[in-house]
Structure formats: structure tokens, C-alpha cells
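Take a look at the structure below.
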Amino acid sequence: MAAHLSSLSEIPPQAIVAATLRVDTRGIGFVEITHEARAFIDRAKAGEGVFLAFLRHTSASLTIQENADPDVQTDLTAALERLAPEMAPWVHTVEGPDDMPAHVKAMLNGVSLHIPVRGGTLALGTWQGLYLVEHRRAPHTRDVIFQFIGSRVEGGGSGD
């Protein structure tokens, strides 16, 4: 195995900055939130640190995925449907046939992300984007808490 760890750098955190992103979904599918995350990092006057995103719901999820070819989202939606189909013999059906499969899909993807911030920029790969994934058929309003923990660039204030 060929691997090499870079030298360590130590940057003491100066701030914790937070905001809530409200996202209106159209039903099952991916909603890209990369632009909003980048705008948050800019407003926070982030330098070096970590960006955190936390979704406050149990039937939707967050993921980092390819943002170049929309066919990837189509195939991922189909794959999740195969893993947790509506017509399975679910016990929890009080909120409709799409609710329990939505909980399973959210558990598979997760509801939180953390991304390094380097030089005031999210350290995403070339083809990576941040997505809120809606697993319910009906439109919903979802809240994502954004946080930046780290150093700030000169003149970094409240970000407003």
C-alpha cells in the first residue's frame, strides 16, 4: 500500500457560526444545496475549519454525490427504492405506505455531513455536490442546520 500523510497543521478555532437552511422539496428526489452551503461559508468569513450540516428530519437525508450527470440521481433513487420498497410488509404504516421506506432510506444515507474547509472553500472533489434527498412522495419543507467551526479570515465578523 502506498500512502503518505501530509505534515500536520494546527489552526485554533476562533468561531462557531450557525444558520438554518429551509428547503422546500417537490417529493421524492434530490435537491442540490451546494450553492447554499458555499454561500454560508462565504457569509461566515470562514478560513480553515469544518462545515457541518444536520437535517432535522427522519424521512429525508443528506448525501454527497456526483453533481455532473443527473442520471446518477435517477439510478440512486431507483436503488434506494429496491432496498426499501413501499410494498414490503412494514409494520409502521400509520403515516402512509411511503413513510417507513423513507425512514429506512434516511437511515442508509444519514442525516449529517462534515466537510473540511480549506482557505475559505469547501474541500469537495471536482464532481461532488451536497444534496438533501427527499424520500416521501409529497412535498415537504425541510430544515438543515449549517455550522462552521474554525478560523475566520481577517475582518471576519458576524457575517451579516
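Just so you know, all these numbers are worked out from the coordinates, no wet-lab data involved. As the structure is a prediction and not an experimental result, all values here were calculated from the model. Here the Cβ is made from the backbone with ideal geometry for all residues, glycine too, and neighbour counts use every protein chain on show.
Considering only the other residues whose Cβ falls under 13 Å of the Cβ of Leu62, what net charge follows from Lys and Arg at +1 and Asp and Glu at -1?
Overall, the nearby charge balance is -1.
Can you give the Rg to Rh ratio for segment 15-152, taking only C-alpha atoms and Rh from Kirkwood?
Ratio of gyration radius to Kirkwood radius: 1.02.
So for the pair Ala138, Ala18, with labels modelled 7 Å out along Cα→Cβ, what separation do we get in nm?
Between Ala138 and Ala18, the label points sit 2.9 nm apart.
If one takes the longest principal axis of the Cα atoms in the chain, at what angle in degrees, from 0 to 90 and to the nearest 10, does the Cα axis of helix 34-43 lie?
30
Which net charge results when you count Lys and Arg as +1 and Asp and Glu as -1 among the other residues whose beta-carbon is under 14 Å from that of Asp143?
0
How far apart, in nm, are two points set 7 Å out from the Cα along the Cα-to-Cβ line at Glu95 and at Glu81?
Spacing of the two 7 Å Cα→Cβ label points: 2.1 nm.
Provide the per-residue ³J(HN,Hα) series for segment 60-67, in order, calculated from phi with Karplus coefficients 6.51, -1.76, 1.60 and θ = phi - 60°, each as a whole number of Hz, with x at glycine and proline positions.
Listing the rounded values in order: 9, 8, 10, 7, 10, 8, 4, 10 Hz.
Tell me the angle of helix 99-109 to the major Cα principal axis of the chain, expressed in degrees between 0 and 90 and rounded to the nearest ten.
The two axes meet at around 30 degrees.
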